[in-house]
Amino acid sequence: MPDGLPRPADFAVTDAPLPEPGPGEVLVRNRHFAVMSGLRTLLGGHGTTSSFPSIRPGDTLFGAAMGEVAARRTPMWTQGRTAHP
């Protein structure tokens, strides 16, 4: 479990096959990811009193992100356009 502040060795960037978007869906390639300050309390089970689930090594992080549309099957988004919540 992480101890102290997160270090680069605590993170991993992985490649995984992505499904093609279905009708009405878009595939977004993340370009920026915001790591919220409260994320540390959720690492290693420290967030058990929180309404958020604990995050364990190997779990996918969650948070705000900004990306670009890599593939689409909807006319509502333009490929290459920046997408964010």
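Laboratory data are not the source of any read-out in this text; all were calculated from the coordinates shown. Only a predicted model underlies this, so the values are computations on that prediction, with no experimental measurement involved. Virtual Cβ from ideal backbone geometry, glycine too; neighbours counted across all protein chains shown.
Before moving on, here are some points about what is shown:
- Karplus-based coupling profile of region 12-25, in residue order and whole Hz: 9, 10, 10, 9, 9, x, 10, x, 5, x, x, x, x, 10, with θ = phi - 60° in 6.51 cos²θ - 1.76 cosθ + 1.60 and x standing for Gly or Pro.
- The order of the peptides 69-75, 32-38 by mean Cβ neighbours within 10 Å, most packed first, is 69-75, 32-38.
- Subtracting the Cα-Cα distance of ASP15 and SER51 from 0.36 nm times their residue separation leaves 9.9 nm of extension gain.
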